[in-house]
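Visitor: Take this structure first; my questions come after.
The values are calculated or read from the model by the stated rules, or taken from the named source; none is laboratory data. Fair warning: this is a prediction, and the values are worked out from it, not measured in the lab. Neighbour counts run over all protein chains shown; Cβ positions are idealised from the backbone, glycine included. Ligands, DNA and RNA are stripped out before the accessible areas are found, and what is left, the full protein with its side chains, is counted by its heavy atoms. Shrake-Rupley method; radii C 1.70, N 1.55, O 1.52, S 1.80 Å.
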Amino acid sequence: MVRNVTLVLCALACLGGGALPASAQASRQFQACSKTAKTQLALNECAGAELTLRNKEMQAAYSAILTLVAGQPATLAKVKAMQRSWLAYAASYLEALYPAANKQAEYGSIYPMEAGLSQAALVQAHTKDLQELFANLKRY
């Protein structure tokens, strides 16, 4: 019940152009989109676009690392293993955050937005980690 109240308050804040959910450091793209969104469906689409943006940033950082270590088979294997492990972690984290089998029924129409922004926050944090890894690997 408390979670549902929190989700409703978040939705109202977003619809009113107020604070964004704490789960993401939202981009200007998301902020602009959410200001003009008039429905929950539109907000869900804004969150989907935010996740797409964050995934592109992560993929760019990951690709840069792969290119950097392409001639180092042992390092390349470790980087790929790290990324696979992170993807499994992120999926498990989201399942733990939203454990219901029927997520739409349990969490309501706000679920796609909340889940998308939660995932975007995870991806954004991981992208920062990848950028730091790139900088460290570049030194050697």
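Visitor: What net charge is computed for the residues neighbouring residue 113, neighbours being all others with C-beta under 10 Å from the C-beta of residue 113, Lys and Arg scored +1, Asp and Glu -1?
Guide: Around residue 113, the surrounding residues sum to -3.
Visitor: Summing Lys, Arg as +1 and Asp, Glu as -1, what charge do residues with Cβ under 12 Å from the Cβ of residue 33 carry, residue 33 excluded?
Guide: Working: positive: 28, 35, 38; negative: 45, 50.
Value of the local net charge: +1.
Visitor: Restricting to DSSP loop positions (anything but H, G, I, E, B) with no more than 15 other Cβ atoms inside 10 Å of their own Cβ, which GluC sites (Glu not before Pro) remain in segment 33-137? Intermediate results must be reported in sequence, preceding the final value.
Guide: On the way: sites: 45, 50, 57, 95, 106, 114, 132; in loops: none.
Nothing satisfies the criteria.
Visitor: Excluding ligands, DNA and RNA, what is the solvent-accessible area per residue of segment 34-140 at a probe of 1.4 Å, expressed in Å²? Numbers along the way, then the final one.
Guide: Values: 6020 Å² over 107 residues.
Heavy-atom accessible area per residue stands at 56 Å².
Visitor: In whole Hz, what ³J(HN,Hα) sequence does segment 108-125 give by Karplus (6.51, -1.76, 1.60; θ = phi - 60°), x for Gly and Pro?
Guide: Once rounded to whole Hz, the list reads x, 5, 7, 3, x, 5, 4, 5, x, 6, 5, 5, 4, 5, 4, 5, 4, 5.
Visitor: Next question. Pick out, in residue order, every one of the trypsin sites (Lys or Arg not before Pro) in segment 41-140 that is DSSP loop and has at most 10 other C-beta atoms within 10 Å; say none if there are none.
Guide: Values: sites: 54, 56, 78, 80, 84, 103, 128, 138, 139; in loops: 139.
Filter output for segment 41-140: 139.
Visitor: Another question, then. Return the FRET efficiency for the residue pair residue 94, residue 74: r is the Cβ-Cβ distance, R0 is 30 Å, and the value is rounded to the nearest 0.05. Don't skip to the answer; put the middle values down first.
Guide: On the way: r = 31 Å, r/R0 = 1.04.
That pair, residue 94 with residue 74, gives E of 0.45.
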